[in-house]
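Q: Input: one structure, supplied below.
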Amino acid sequence: MQAPNTEFSRAGSLEELRAKGRIVMHGHHRPILVIYDRGRVVALDNRCPHMGFPLDRGSVEDGILTCHWHHARFALESGCAFDLWADDVPVCPVEVRGGEVWVKTEFTHADPAHHWEQRLADGLAHDLSLVIAKAVQGQLAAEVPRADIVRQVALFGARNRDGWGVGLTILTALANLLPVLPEEEVYLALFHGGRHVAADCDGAVPRRERAALGGRPDAAVLKRWLGRWIAVRHREAAERTMLTAITAELAPPVLADLLLAAETERAFADSGHSLDFTNKAFECLDLIGWEHATAVLPTVVGQMAEARGAEESTTWRQPIDLVALCDEIAGQLPDLLAAHRAESWSDHVTLARELLGDDPVEIMDTLKAAIRAGASPADLGQSLAYGAALRVARFGNTNEHADWEAAHHVFTYASAVHQLLKRIGTTSPNGRVTAVRSILHGAMALYLTRYLNVQPTRIPGDGDEPLDDLPTDEETIRAALLDAFNRQQQVDEAARLVARHLTLGHSSEALIATLARAVLREDAGFHAYQMLEAGVRQFMVWGDTDAGRHILVAVARYLAAHSPTQRAALQTADIARRLMRGGELHQEAGAS
């Protein structure tokens, strides 16, 4: 007997199936379970969608198929899961012709992109990591653009949590890295971004819609209003002001100027996280489209209004009042910037090293001198970020482990300041005054972490420090680097391997991909994602120079200090990948 059409395969006779109750047949890519139950014939993927356990070893009762491993239960006819953590079982069309059972042996969807978009929505809504992983895999296989996946996750996060959070920061940081990642790492990056956003939103209060103000105040008025409302912690007024600026169609650089000015009403707010979140919101819109500005930008206003500034910290007030010093220099900025020479300035390395000094007044004098010499705000930001990277690269191993975060916070803050200042550019002379306040705050935060470099660790590759005991082949170096991340307390070894790779002139792109792999395979904390992305961003500025090497050494040292972890998320991602590709996770014949 011929098949009803070429897509169907014979499973067996209906009489045989009725007698046995179930038959396992081979599909094109995976085993298929065919079940006879109460006069119906149903065909499903034989692998439990949770962990791949063979469903033919399960039981059927009252139209419910139960997997005996984790007791996931499925509606037999549709394959839909009663237990959402398990995901649905794919089903196959069945035809019974002349007493023979024929099964379409490929699991397909009429519109795969739409199907997996809906599955991703389900996974995000219920915080189901396995579903998120499979949906990301499905969308990538359906050739959905990466930006579309990022957009779906970002808008979910913006609407289902009342304010920007670490999840959206992780998503944006990883999305920024997608162009430099191999395909396998792209999947992991999107999965991690999605699962962190889902975890952030799980049980959170969703965002309430707010409306713009009437009229069309000009940008200068809106800037004054926004700063006023942030200063007095009036969130509702600040958000409505921000929405008014967006609906007035102010350009992104002008919006960045407004928010940075309001952000610097407080010094180094929330240890720099507040400003970093603000920068990431702008970068998120670059990725997903500025038509979503009203959904994304207001999410950072609440945390700006609620953030605690360094001016409320004793450390910034005693024994030297650093806040007063910042305010004093800020008052001099209009005259300094008015006398600014619009010419090329390239003393970034010199300024960075001077910013690592021990005297806050001298540090401020150095900044003023750089402005007079022609340094733009973005130039100052670049130097500040490099100086902060040197703090991490020279972090003393005798410090407490928690002290890594003090150095990390300054670096990621400085990198965010640099990005915002580049975005603002020369939008307005007055805008530069308030924007440069972020540099002053960053410089003082960098000064306060000087103790982390006592005694400073030497940076491998500088001077005559030997690296000849390390391999020369680039693939061997990168394999050794990943191995170092597999073991605890390999901070110096990881730094030496990175320096070896770069000093030999090997591919920096391949090295960055290896560092990304080291993060993406871990149950990484929020700061690890921040450190990786900020380090790569700053390396792109400096390239294959000594400064670029120092920055990637800093990244490697920080990541090594926080590796390895249990890698539970990687296991989930791997299970999803194998299930989606048709792999059998359990093949032993007599397992019970």
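The values are calculated or read from the model by the stated rules, or taken from the named source; none is laboratory data. Because the structure is predicted, anything quoted here is derived from the model rather than measured. No Cβ is skipped: glycine too gets one built from the backbone with ideal geometry, and neighbour counts run over all protein chains shown. Note: areas computed on protein heavy atoms with side chains; ligands, DNA, RNA excluded. Shrake-Rupley method; radii C 1.70, N 1.55, O 1.52, S 1.80 Å.
Q: Which residue is least open to solvent (accessible area, probe 1.4 Å), if the candidates are limited to the stretch 60-80 and must be under 13 Å from Val34 (Cα atoms) and assigned to a strand (DSSP E or B)?
A: Leu65
Q: Here's something else I'd like to know. Determine if the stretch 457-467 includes at least one residue that is at pLDDT below 95, of a type outside the set (Ser, Thr, Tyr), at positive phi and surrounded by fewer than 18 Cβ atoms within 10 Å (Cβ to Cβ).
A: Yes - at least one qualifying residue is present in the stretch 457-467.
Q: Scan the stretch 232-261 for residues that are assigned to a helix (DSSP H, G or I), farther than 22 Å from Lys422 by Cβ and touching a helix residue (DSSP H, G or I) at 6+ places or on another chain (Cβ under 8 Å) and jot them down.
A: Taking the stretch 232-261 and keeping what is assigned to a helix (DSSP H, G or I), we get 235-247, 252-261.
Still in the list and also farther than 22 Å from Lys422 by Cβ: 235-241, 243-244, 247.
Listed by number, the residues that qualify are Arg235, Ala237, Ala238, Glu239, Thr241, Leu243, Thr244, Thr247.
Q: Within the stretch 386-403, restricting attention to residues that are in a helix (DSSP H, G or I) and of a type outside the set (A, V, I, L, M), which residue is surrounded by the fewest Cβ atoms within 10 Å (Cβ to Cβ)? Give the derivation first.
A: We begin by selecting, within the stretch 386-403, every residue in a helix (DSSP H, G or I); these are 386-393, 403.
From the residues that got through so far, the ones that are of a type outside the set (A, V, I, L, M) too are 386-387, 391, 403.
Numbers: Tyr386: 28, Gly387: 26, Arg391: 23, Asp403: 15.
This residue is Asp403.
Q: When the residues of the stretch 238-260 are filtered to those that are buried (at least 18 other Cβ atoms within 10 Å of the Cβ) and of a type in the set (Gly, Ala, Ser), which remaining residue is nearest to His292 (Cα to Cα)?
A: Ala245
Q: Has the stretch 267-286 got at least one residue that is aromatic (Phe, Trp, Tyr), open to solvent by less than 50 Å² (accessible area, probe 1.4 Å) and part of a loop (DSSP other than H, G, I, E, B)?
A: Residues of the stretch 267-286 aromatic (Phe, Trp, Tyr): 268, 277, 282.
Imposing the further condition that a residue be open to solvent by less than 50 Å² (accessible area, probe 1.4 Å) reduces the set to 268, 277, 282.
Imposing the further condition that a residue be part of a loop (DSSP other than H, G, I, E, B) reduces the set to 268.
Looking for residues that are aromatic (Phe, Trp, Tyr), open to solvent by less than 50 Å² (accessible area, probe 1.4 Å) and part of a loop (DSSP other than H, G, I, E, B), one finds at least one in the stretch 267-286, hence yes.
Q: Got at least one residue in the stretch 40-51 being open to solvent by 50 Å² or more (accessible area, probe 1.4 Å) and out of contact with any helix residue (DSSP H, G or I) (no Cβ under 6 Å at 6 or more places or on another chain)? Write out each step before concluding.
A: Pass one, the stretch 40-51, residues open to solvent by 50 Å² or more (accessible area, probe 1.4 Å): 40.
When the remaining residues are screened for being out of contact with any helix residue (DSSP H, G or I) (no Cβ under 6 Å at 6 or more places or on another chain), the result is 40.
Yes; the residues of the stretch 40-51 include at least one that is open to solvent by 50 Å² or more (accessible area, probe 1.4 Å) and out of contact with any helix residue (DSSP H, G or I) (no Cβ under 6 Å at 6 or more places or on another chain).
Q: Now for a different question. Among the residues that make up the stretch 364-377, is at least one of them in contact with an Asp or Glu (Cβ under 8 Å, 6 or more places away or on another chain) and of a type in the set (S, T, N, Q)?
A: Yes, some residue in the stretch 364-377 is in contact with an Asp or Glu (Cβ under 8 Å, 6 or more places away or on another chain) and of a type in the set (S, T, N, Q).
Q: Report the residue count in the stretch 27-59 for those that are aliphatic (A, V, I, L, M), part of a strand (DSSP E or B) and within 15 Å of Leu579 (Cβ to Cβ). Working first, answer last.
A: Keep residues of the stretch 27-59 that are aliphatic (A, V, I, L, M), which gives 32-35, 41-44, 51, 55.
Remaining after also requiring part of a strand (DSSP E or B): 32-35, 41-44.
Add one more test, that the residue is within 15 Å of Leu579 (Cβ to Cβ), and what stays is 32-33, 44.
Adding up the residues that qualify gives 3.
Q: A further question follows. Cβ-Cβ distance below 7 Å, separation of 6 or more or different chains: which pairs start in the stretch 356-373 with a residue that is farther than 15 Å from Tyr451 by Cβ and end on one that is at pLDDT 95 or above and of a type in the set (Gly, Ala, Ser)?
A: Going by the 7 Å Cβ cut-off, the qualifying pairs are Ile363/Gly357; Ile363/Ala443; Leu367/Ala443.
Q: Looking at Leu14, Leu76, Leu55 in this structure, which one is in contact with a Gly (Cβ under 6 Å, 6 or more places away or on another chain), closer than 26 Å to Gly123 by Cα and among the hydrophobic types (A, V, I, L, M, F, W, C)?
A: Values: Leu14 fails: closer than 26 Å to Gly123 by Cα; Leu55 fails: in contact with a Gly (Cβ under 6 Å, 6 or more places away or on another chain).
Going through Leu14, Leu76, Leu55 in turn, just one is in contact with a Gly (Cβ under 6 Å, 6 or more places away or on another chain), closer than 26 Å to Gly123 by Cα and among the hydrophobic types (A, V, I, L, M, F, W, C): Leu76.
Q: Report yes if some residue within the stretch 441-454 is under 17 Å from Gly548 (Cα atoms) and under 29 Å from the mean Cα position of the chain (by Cα); otherwise report no.
A: At the first step, the residues of the stretch 441-454 found to be under 17 Å from Gly548 (Cα atoms) are none.
Checked against the condition, which is being under 17 Å from Gly548 (Cα atoms) and under 29 Å from the mean Cα position of the chain (by Cα), the stretch 441-454 yields no hits at all.
Q: Still on this structure, please answer the following. Please work out if Val417 is in contact with a Leu (Cβ under 7 Å, 6 or more places away or on another chain), of a type outside the set (Gly, Ala, Ser) and crowded, with 24+ Cβ neighbours inside 10 Å. Full working, then the answer.
A: Values: in contact with a Leu (Cβ under 7 Å, 6 or more places away or on another chain): yes; of a type outside the set (Gly, Ala, Ser): yes; crowded, with 24+ Cβ neighbours inside 10 Å: yes.
In short, yes.
Q: I'd like to check which helices (runs of 4 or more DSSP H) are fully inside the stretch 114-222 and have at least 3 residues that are in contact (Cβ under 8 Å) with a residue 60 or more places away in the chain and small (Gly, Ala, Ser). Talk me through it step by step, then tell me what you get.
A: Values: elements: 129-141, 146-159, 166-177, 183-201.
Fully inside the stretch 114-222 and qualifying: 129-141, 146-159, 183-201.
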